[in-house]
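Peer 1: Have a look at the structure that comes next, please.
The values are calculated or read from the model by the stated rules, or taken from the named source; none is laboratory data. Just so you know, these numbers come straight off a predicted model, no measurement behind them. Please note: Cβ atoms are built from the backbone with ideal geometry, for glycine as well, and neighbour counts cover all protein chains shown. For accessibility, only protein heavy atoms count, side chains too; no ligands or nucleic acids. Shrake-Rupley method; radii C 1.70, N 1.55, O 1.52, S 1.80 Å.
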Amino acid sequence: MKRYRSTALVCGGTGCVAAGSLNIYEQIFRELRKYRLEEEVNLVLTGCNGICDQGPVLVIYPEGTFYNRVDPASISRIVEEHLLKGRIVKELSYDRSKGEGQPPVFGEIDFFRMQHKVTRANCGVIDPRSIDEYITMDGYSALAKALNEMTPDEVIAEVKKSGIRGRGGAGFPTALKWQFCRQAAGDQKYIMCNADEGDPGAFMDRSQLEGDPHSVLEGMAIGAYAIGSNMGYVYCRAEYPLAIEMLGTAIDQAREYGLLGKDILGKGFDFDIEIMMGAGAFVCGEETALMRSVEGKRGEPRPRPPFPAIAGLWEKPTVLNNVETLGTIPVILRKGGDWYASMGTEKSKGTKIFSLTGAVNNNGLVEVDMGTSMGTIIYDIGGGIPKGKKFKAVQCGGPSGGCIPAQHLNVPIDYDAIAELGAIMGSGGLVVMDEDTCMVDTARYFLDFVQDESCGKCPPCRIGTKRMLEILDRICEGKGENGDIEELERLGELIKQTALCGLGQTAPNPVLSTIRHFREEYESHIVEKRCKAAVCGSLFRAPCEHTCPVGLDVSGYITLISEGKLDDAYELIMERNPLPGVCGRVCTHPCESKCRRGQLDESIDIRTLKRFIADNAIKSDSAAKIERTALTGEPVAVIGSGPSGLTAAYFLARMGHPVTIFEKLDVAGGMLAVGIPKYRLPEDILKYEIDTIKSFGVEIKNGVDVGRDVTVDELYDKGFKAVYISVGTQGSYQVKTPGMDLSGVYPGLDFLRDFRVGKKVKVGKKVAVIGGGNTAIDAARTALRLGAEEVNLIYRRTREEMPAADEEIEEAMREGVRPYFLTDPIKVEGAKGKVAKLVCTRMTLGDFDKSGRRRPVPVAGTEFEIEVDMVIPAIGQQTELDGLVGDKIRVDGGYIMVDKYTMATDREGVFSGGDVIGQEATVVWAMRNGQRAAAEIDRHLGGSGRLPEAVRAKFNIGAIPRQGEEEIVEEPRVKQNCLPVGDRKGSFVETELGFDAAMAAKEASRCLRCDYGKEDLPFQKQELEIAKGK
Amino acid sequence: MAKLSIEDLQKIKDKGRAAAGMRGSEHKDVRVVVHMGTCGIASGARGVMNALLKAVEDKNLDVEISQSGCIGICDREPIVSVIRKNEPMIRYGKVTPAAMEEIVESHIIGGAVAEKYLMIETSEKK
Amino acid sequence: MPKGVVEKKVEQSSEFTPEQFAELDAAIESFRGKSGSTIRTLSKAQEIFGYLPKEVQSIVAKGLGIPMSEIYGIATFYSFFSLVPKGKHTISSCQGTACYVRGGKQVMDELKNLLGIDVGGTTADRQFSLDSVRCVGACALAPVVRIDDDVYRQMSPKKLKPIIAKYSDSAEGE
């Protein structure tokens, strides 16, 4: 193997490549050869380091120097100065004071940088089997100090000054506990260490005992001296064999050195420690139960008082402290109580260790100052949520604690602040949960745990938690009833007030806190029989189908693709979704995020498979083969021909109602026609699908502006029996930045719409698009295609927070759109009334906002200018409801208010959905609203309210087993072809090319067929029952 | 050993500090620490330690080998820290016995960081 | 919580050797009279016999001079003790919070499926026992499965079969 003097890492992530890092790589390579350094310097192209807006990025080892935004000129200097002469080029290297975010240093990652190791200072540093190494790190000097210089009262006073509170859970001040015990009458006293760590999800005590056992022994000896004890016990769970081994070795060594035993350090103090092994009972973490267990009995708690400080182990005064608390005592005595108290918040001092696990990138142990925000722990130290999933909540404090949802990420680590949110600090177990976690199921899990661990001594805990568990079981099985939530709350409060010990009193916490923060999820399980996270398996056939807003039988049509029955597959899709060609291209595919195949390798490319079926249908006109319903029902008016209106109209027609859609523009399709560029959604696809919808009995009247040309009242006069309003959001959100009135500013939505309807649209040479949503990306890519030489995308947060679809962002960057992340426009400056430059400021991410995202804040002194001749603001849309709704329909914040299950507005017979109700602004959710509304309108008009559901049975899909080998091997998804980047400029030809038959068959064969053998769960039917019950 | 006095404690500390190179410099040029907490062992740290011991013995290297507890980032285990005199400590994550051999070759013998195994920001491979 | 174990008719002591009983007697002797030694004696007994049949409980009760009811109460209180025979290898699937949210339940289901037994059961050939453990403190490696003293990290239903195969008798001695 070659030996190199230096290593140069060039970032090869998408962002850096777009910024020219490949050229940089080649240039370094050439320069290295020039200086004959290629044998000495190892040049490596690395993966993305996540700070794309600093790109191209170059890092040189062994110095770990980080050069950002390098260009050909700087490369020449860096190679000559740094790599040849060994001098770091300071002015080109990253300067933290510029406030451009943190530079990455490979091998020493943020996870460590943001921690403050006080209690854990020795863990992972010293050899835990060597007492000498512990002594070298100042070990046992605190004990020496206590015995040599301090009275027991002075020790307690110092601990009191530090303000340390018990780290085991309840947070009782340690000094106070010691003082009570010291003052208690009795010649024999005990100090005990609680190493039972029963809270599943917490393992800091294990790590402390394994990594630094002497710190705990020293802490116990100091405590023993303070309270006047000569015997200590460590109660450690049997599940921790290595901890017990390390502890045993440490005790032997300490005895050998005379640091345990008689006359310690020649100061006349006797103290010894024995290890007691726990035998597996959660309740033994409770102090009175633990003491019973050490006495060799059943570990059942007893009522307090008397407190153990008065009558504990064998009825003698006893102090029980947790491992972390005891492990911190030596450093407090060494550095002083004041020093310790200088860290943390007013009532929670010092540092706290957390075990961070679950859906978070960096799993492990984290020690931070009290007062650090929960968001900092999860995002900065924990590295955020893996796989781009959304953070949902963090369970704090284990089965006795509660959950903290996204809107409270700013909560500081503080006993009282956390308690206010209905959780507890507990021992510090943090289990991070993402969108794939069901909160009802989580609550059930914890309750099941406590139920199982309840010792049975008191009825509230033994029977009460059982009753609660029964209710939760029912809810998770889809048998929840109205009133269940209230009953859970009532029982929970009762148990809290009447249970005997801490275990019982806190047992209802997980249930109560999930109800408090996620009541909607409980309601959704009970009312809709829907589990948003697709966890509660009794509620659905397959997670994709359950997650699809329109309830598409995904595994069904994938099975039919495998069988080569494409017409049948189309018919199956059309039973739920009249726009498969549209959705096959632009759907945000929530189904794929829950695909079980994704847990193995990659989710099925459901969207492209659907597109394959839809494209085939156009070729062979599959739509003509579907049976039409006779239009014998009542006429219905639909306002707006976007995806929501089209879907509602289609289902109403299939249920026999003649429908008229009123559309303001001359083209039908709403945003599908004028918002989404043609290179993503070709016109002929949309046209075929709209024509198909019409052929079922839907008439579209273009050029009618309801509200101006005709009112809703007049529609009723004309004989319509019900109205569905789905007019979307047609106005661009106004940007308040100065200079937005200059010529050359073109709002994104107007820009896209004007271009699509054929207006003359003039594009500048240098364009700046402001925003991070799909409209911004569409506008940027359209501008490039229309001949802009340079398109800059200005977004105030980072790429991770961008609301636009990931694949769209990726493609935009490949096409040459230049992203400016963490950048916000301050003003547009003009010359002669025309846009000339955009003045921006760098941003940095600050606190967390209500959505759980970090709020961007400007960095002072980082203003810079981008030369532009066109600015496209695209930061959001708003409704335009003038004259449309009247005063009978409630509007809030510009959005129409509807019942979330029935889509009914306050006006009888008028329903609404899509973007205009201001909820989920995606095509497929707009369609779901339309589908729900159609069913409810049908019921309103005297029908059954039941969508057709016969195709799956007709083709007997449930009987077709999964194809292929029994053993499933890892295999990534089939990649569809894309138009080469070079062919895209000036062209609006579709970029994605879809699957051919072979690719589709291969991709379909990856499906795991979660639906197989689950025929009796038609979720649509269940959903209907609910609506009826309301 | 006989019982320690407070003065003995100080002596052990001084001697240890000198040996660990914190003040003096008697310590070996290269120190390798394998982190062997429960998480490390569960992830295969024993195999890594064996590979390290064997490589050092086979190549007759003058390297200080030590073990320690968990440094906290358990999902990157097994973790190995390499400390070369006068250089910053380098941490490797998800080390396999084969990777350990490469690290010995490249970093311990050759002085070049084995960047392939460096602990990086995200545990997921892109 | 009592585990609701159905009292199984204990087989004749032919199941055990005289050496085992001698070892138990010695253990009882060393613990007798020491306060709080019941649990430790029972641990030792379980180590010797693999589980705690009634016969053994009764010897411990007599030996320590403690009522049989109290011994039984302790043996059923702690999940560490087993009143039924264990397999040669104990497979424990962690059902702690971190393991649960990362798919520990699916791993457990697959184990039940592969071994054909429920939690607490032992395979007919007495090769494997299946246990559920609350947390082994390796949460960062979730979901974990422990077989005897080996901990396996980041398990999935798919990874189980080959691992279990390593422990079955036919694979040993290779």
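Peer 1: Keeping the other protein chains in place, figure out the carbon and sulfur percent of the accessible area of segment C:13-77, with a 1.4 Å probe.
Peer 2: It is 55 percent, rounded to a whole number.
Peer 1: To the nearest 100 Å², how much accessible surface do chains A and C cover up together, summed over both, with a 1.4 Å probe?
Peer 2: Counting both chains, the buried surface is close to 3200 Å².
Peer 1: Using a 1.4 Å probe and ignoring any ligands, DNA or RNA, find the accessible area of A:Lys888 and quote it in Å² to the nearest 10.
Peer 2: Using a 1.4 Å probe on the heavy atoms, I get roughly 120 Å².
Peer 1: Roughly how many Å² of A:Leu786 are accessible to a 1.4 Å probe, to the nearest 10?
Peer 2: Rounded to the nearest 10, the figure is 60 Å².
Peer 1: Pairs A:Lys532/A:Lys610; A:Lys390/A:Lys766; B:Lys54/C:Lys44: which exceed 26 Å Cα-Cα?
Peer 2: Going by Cα-Cα distance, A:Lys390/A:Lys766; B:Lys54/C:Lys44 fall outside the 26 Å limit.
Peer 1: Which order do peptides A:932-942, A:593-603 fall in by mean Cβ count within 10 Å, highest first?
Peer 2: Highest-to-lowest ranking by the protection proxy: A:932-942, A:593-603.
Peer 1: Estimate the FRET efficiency between C:Glu55 and C:Asn113 by the formula 1/(1 + (r/R0)^6), using the beta-carbon distance for r and 45 Å for R0, to the nearest 0.05.
Peer 2: Given R0 = 45 Å and the Cβ-Cβ separation, E is 0.85.
Peer 1: Enumerate the calculated ³J(HN,Hα) couplings along segment C:96-102 in order (Karplus 6.51 cos²θ - 1.76 cosθ + 1.60, θ = phi - 60°), each rounded to whole Hz, writing x wherever the residue is Gly or Pro.
Peer 2: x, 4, 4, 5, 4, 6, 9
Peer 1: If you don't mind, another one. For A:Phe864 and B:Arg46, what does the FRET efficiency come to when R0 = 51 Å and r is the distance between their Cβ atoms, rounded to the nearest 0.05?
Peer 2: That gives a FRET efficiency of 0.40.
Peer 1: Straight-line reach from A:Lys496: which lysines have Cα under 17 Å away, leaving out those fewer than 8 places along the same chain?
Peer 2: Within the straight-line limit of under 17 Å, A:Lys496 reaches these lysines: A:Lys457, A:Lys466.
Peer 1: Further question on the same structure: With every protein chain in place, what's the accessible area of A:Ser293 (1.4 Å probe, Å², nearest 10)?
Peer 2: The accessible area comes out at roughly 10 Å².
Peer 1: Once you have the Cα-Cα distance between A:Arg519 and A:Glu801, take 0.36 nm times their residue separation minus that, and quote the gain in nm to one decimal.
Peer 2: Here the segment from A:Arg519 to A:Glu801 would lengthen by 98.9 nm.
Peer 1: Which one, A:Leu313, A:Tyr134, A:Ala185, projects farthest toward the positive side of the charge dipole computed for segment A:131-341 from Cβ point charges (K/R +1, D/E -1)?
Peer 2: Farthest along the dipole direction, towards plus: A:Ala185.
Peer 1: First check a/c for segment A:732-876, with a ≥ b ≥ c the square roots of the eigenvalues of its C-alpha gyration tensor; if it is under 1.5, answer rounded, and if not, answer prolate when a/b is larger than b/c or oblate otherwise.
Peer 2: Cα axes put segment A:732-876 in the oblate bin.
Peer 1: Considering only C:Pro53, C:Pro18, C:Pro143, give the residue with the highest GNM mean-square fluctuation for chain C, with springs between Cα atoms whenever their separation is below 10 Å.
Peer 2: Residue with maximal mean-square fluctuation among C:Pro53, C:Pro18, C:Pro143: C:Pro18.
Peer 1: What residue among A:Gln27, A:Thr547, A:Thr151 has its Cα farthest toward the positive end of the dipole of chain A, where the charges are +1 on Lys, Arg and -1 on Asp, Glu, each on the Cβ?
Peer 2: In chain A, that residue is A:Gln27.
Peer 1: Of all beta bridges DSSP finds with both residues in the protein assembly as shown, what is the antiparallel percent, to the nearest 5?
Peer 2: Of all bridge pairs located within the protein assembly as shown, approximately 50 percent are antiparallel.
Peer 1: A follow-up question, please. Could you point to the residue in A:Gly358, A:Leu447, A:Ile424 farthest towards the positive end of segment A:351-537's charge dipole, with +1 and -1 charges on the Cβ of Lys/Arg and Asp/Glu respectively?
Peer 2: Going by the Cα projections, it comes out as A:Leu447.
Peer 1: How do A:Tyr716, A:Tyr67 rank by accessible surface area computed with a 1.4 Å probe, from largest to smallest?
Peer 2: Ranked from most to least accessible, the order is A:Tyr716, A:Tyr67.
Peer 1: Roughly how big is the C-B contact, given as buried accessible area in Å² (both sides, 1.4 Å probe, nearest 100)?
Peer 2: That pair hides around 500 Å² of surface in total.
Peer 1: Evaluate E = 1/(1 + (r/R0)^6) for A:Lys900 and A:Lys389, where r is the Cβ-Cβ distance and R0 equals 25 Å; express this FRET efficiency to the nearest 0.05.
Peer 2: About 0.55, to the nearest 0.05.
Peer 1: Using a 7 Å offset from the Cα along the Cα-to-Cβ direction at both A:Ala998 and A:Glu256, what is the distance between the two label points in nm, to one decimal?
Peer 2: Taking the two extended label points, one gets 7.1 nm.
Peer 1: Right, here's the next one. Going by amide H atoms built from the backbone, whose H comes under 5 Å of the H on A:Tyr820, apart from near neighbours?
Peer 2: Residues meeting the criterion, in which the H sits 1.01 Å from N, are A:Leu793, A:Ile794, A:Tyr795.
Peer 1: Still on this structure, please answer the following. With the other protein chains left in place, how much accessible area per residue, in square angstrom, belongs to segment C:89-171 at a 1.4 angstrom probe?
Peer 2: In whole numbers, segment C:89-171 has 39 Å² accessible per residue.
Peer 1: Report, to the nearest 10°, how far helix C:68-77 tilts away from the longest principal axis of the Cα atoms in chain C, using its own Cα long axis and a range of 0 to 90°.
Peer 2: 10
Peer 1: How would you classify segment C:13-77 from its alpha-carbon gyration tensor, with a ≥ b ≥ c the square roots of the eigenvalues: rounded for a/c under 1.5, else prolate if a/b is greater than b/c, otherwise oblate?
Peer 2: oblate
Peer 1: Rounded to the nearest percent, how much of the accessible area of segment A:732-876 (1.4 Å probe, protein heavy atoms only) is carbon and sulfur?
Peer 2: In segment A:732-876, the share of accessible area belonging to carbon and sulfur is 49 percent.
Peer 1: Let me ask another. Treating cross-link reach as a plain straight distance, find the lysines whose alpha-carbon is under 26 Å from the alpha-carbon of A:Lys189, omitting any fewer than eight places away in the same chain.
Peer 2: Excluding near neighbours in sequence, the set is A:Lys145, A:Lys160, A:Lys161, A:Lys177, A:Lys262, A:Lys267, A:Lys297, A:Lys316, B:Lys3, C:Lys34.
Peer 1: When the solvent-accessible surface of protein heavy atoms is calculated with a 1.4 angstrom probe, in what order do A:Cys123, A:Cys1010 fall, highest first?
Peer 2: A:Cys1010, A:Cys123
Peer 1: Take every residue in peptide A:590-600, count the Cβ atoms of other chains within 10 Å of its Cβ, and give the average of those counts.
Peer 2: 1
Peer 1: Now for a separate question. Summarise the partner chain shielding of B:6-16 as one whole number: the mean count of Cβ atoms from other chains within 10 Å of each residue's Cβ.
Peer 2: 6
Peer 1: Still on this structure: Compute a Gaussian network model of chain C, connecting alpha carbons closer than 10 Å, and tell me which residue from C:Thr90, C:Thr17, C:Thr41 fluctuates the most.
Peer 2: C:Thr17
Peer 1: Roll a 1.4 Å probe over the protein chains and send me the accessible area per residue for segment A:525-656 in Å².
Peer 2: I get 25 Å² per residue for segment A:525-656.
Peer 1: Assign unit charges at the C-beta atoms only (+1 for Lys and Arg, -1 for Asp and Glu), then state the dipole size of the protein assembly as shown relative to its Cα centre in Debye, rounded to the nearest 20.
Peer 2: Approximately 1100 debye in magnitude.
Peer 1: Also, quick follow-up: Treat each spin label as a single point 7 Å out from the Cα along the C-beta direction, and report the C:Glu70 to A:Asp754 distance in nm.
Peer 2: Between C:Glu70 and A:Asp754, the simple spin-label model gives 9.2 nm.
Peer 1: For segment A:296-339 and segment C:60-132, what is the separation of their Cα centres, given in Å?
Peer 2: 31
Peer 1: Now for a separate question. With a 1.4 Å probe, how much accessible area is buried between chains A and B, both sides summed, in Å² to the nearest hundred?
Peer 2: 4200
Peer 1: For segment A:804-817, just list the computed ³J(HN,Hα) in residue order, Karplus coefficients 6.51, -1.76 and 1.60, θ = phi - 60°, integers in Hz, with x standing in for Gly and Pro.
Peer 2: Values per residue, Gly and Pro as x: 5, 5, 4, 5, 5, 4, 4, 5, 4, 5, 5, 6, x, 5 Hz.
Peer 1: Compute the angle between helix A:21-34 and the longest alpha-carbon principal axis of chain A, please, reported from 0 to 90 degrees and rounded to the nearest 10.
Peer 2: 60
Peer 1: Dipole size in debye (nearest 20) for chain C around its Cα centre, Lys and Arg Cβ +1, Asp and Glu Cβ -1?
Peer 2: In debye, rounded to 20, chain C gives about 720.
Peer 1: Would you work out the charge dipole size for segment B:28-117 about its Cα centre, treating the Cβ of every Lys and Arg as +1 and the Cβ of every Asp and Glu as -1, and quote it to the nearest 20 debye?
Peer 2: 180
Peer 1: Calculate the spin-label point distance for A:Ala73 paired with B:Asp62, positioning each point 7 Å from the Cα along the beta-carbon direction, and give it in nanometres.
Peer 2: It is 4.9 nm.
Peer 1: Follow-up. Just tell me how shielded A:249-260 is by partners: mean number of partner chain Cβ atoms within 10 Å of each residue's Cβ, no decimals.
Peer 2: 2
Peer 1: OK, next. Taking 0.36 nm per residue of separation and subtracting the Cα-Cα distance, what length does fully extending A:Lys335 through A:Ser695 add?
Peer 2: Additional length available on full extension: 121.4 nm.
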